[in-house]
Amino acid sequence: MTAALSLRGLGKDYGTRKAVGSLDLEVVRGECLGLLGPNGAGKTTTISMACGVVTPSRGTVAIGGIDLARDPHAAKAKLGLVPQELAIYDELSALQNLRYFGALYGLRGAALASKIDWALGAVGLSDRAVEPTKRYSGGMKRRLNLAAGLVHEPELLVLDEPTVGVDPQSRNHIFETVKALRAKGMTVVYTSHYMEEVEALCDRVAIMDGGAIVATGTIAELIAQHAGKGISVALAGKPDAIAAAMKAAAAHGTIDAADAVGRDGGLVGAVSSTLRIVPTAGLAPLLAAIEGAGATIARIESREANLETAFLKLTGKTLRDEAA
Ligand SMILES: Nc1ncnc2c1ncn2[C@@H]1O[C@H](COP(=O)(O)OP(=O)(O)O)[C@@H](O)[C@H]1O
Ligand SMILES: [Mg+2]
């Protein structure tokens, strides 16, 4: 079966900077692929090239088997893009916006009207359709942005961080809308900062960093391959001892998070601290190193490895840091 989206050797240079190196990715029909990566990883650039908004420096894009460079019109007809930046007209109503976007995709008359009704309903804006969108809240604008990418009911829906900076109610609404479309069989590429959204929505995940895909797989595969089983260790002792223990621990594992420790690794005057860590070579050397540094181990708990642990291992960054 032809892939819904196929990227081959795709890359983009801005001057001397490689925003995206040379990327291969295949999105299977009917799947929801999560694209996860820290800020600047190249997610938006990749998506923009895949949707024909940015011209690649190298490589090819095929949408539903149609080469984007050779037949852009037919390829783009299969695709709906929900961009990271709002792409709606403030002076126009939701209805007028959707008429405009629907017409871009060649919809006219009754077909256009019925698709608009459907899209407005899908994002929950039917009762606010005729007022100028400048009166909308940020979350409502985001929902209309989604409807604009949906109005021609594309085979492939590509969303670039659709819930960033959105109030919780609209965020939930957008998320549930995408889930429902996916349940109906639409192929979805979902870029997000929010690990829990990707975990709840996506069959498969591609993790990007530095303009490259560093891993792809199901969530279970990524966890099994890249996230060791982690533990949570509660430390007690003088700040100096805890700081030394943290340092010693870092030599024997990958630290996910540490309470009461600042960004520079300095303590904020606490006498106890919790460390979340994945041991590199087993528990014994790690615990010995912590105690050797003079801290007391008050408690140890094992915890389930998750996608975030895999992400951290692969990129050296936490998503939470980047989102802040
Ligand atoms: N129009 C542009 N001109 C120059 N550099 C750009 C442009 N767009 C993106 N970049 C750079 O390309 C890299 C990837 O950016 P982007 O694709 O937006 O990442 P992400 O969406 O993962 O945050 C970043 O270093 C960014 O600064
Ligand atoms: Mg982006």
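What follows draws every value from the coordinates through simple rules; no lab data is involved. Please read all numbers here as calculations on a predicted model, not as lab measurements. Cβ placement follows ideal geometry from the backbone for every residue including glycine, while neighbour counts extend to all protein chains displayed.
Observations on the model:
- The lysines within cross-link reach of K247, meaning a Cα-to-Cα straight distance under 30 Å and a gap of 8 or more places when in the same chain, are K229, K238, K313, K317.
- Calculated FRET efficiency for the pair T2/S272, C-beta based, R₀ 51 Å, to 0.05: 0.35
- Local net charge near V166, Cβ-Cβ under 15 Å (Lys/Arg +1, Asp/Glu -1): -3
- Sorted on the mean count of surrounding Cβ atoms within 10 Å across their residues, most packed first, peptides 298-310, 99-111, 32-44 read 32-44, 298-310, 99-111.
- Only lysines eight or more places from K76 in sequence, or on another chain, were considered; those with a Cα closer than 27 Å are K12, K18, K43, K115, K141, K179, K184.
- Among H152, H73, a tally of other beta-carbon atoms within 10 Å of each Cβ gives an order, fewest to most, of H73, H152.
- Per-pair calculated FRET efficiency, R0 = 30 Å: Q225 and N172 via Cβ, rounded to 0.05: 0.45
- Prolate/oblate/rounded label for the chain (Cα gyration tensor, a/c 1.5): prolate
- Using a Förster distance of 30 Å, the FRET efficiency for T16-A251 (Cβ separation, nearest 0.05): 0.25
- Working value for region 61-138: equivalent-ellipsoid semi-axes of 26, 15, 11 Å, each the square root of 5 times a Cα gyration tensor eigenvalue, largest first.
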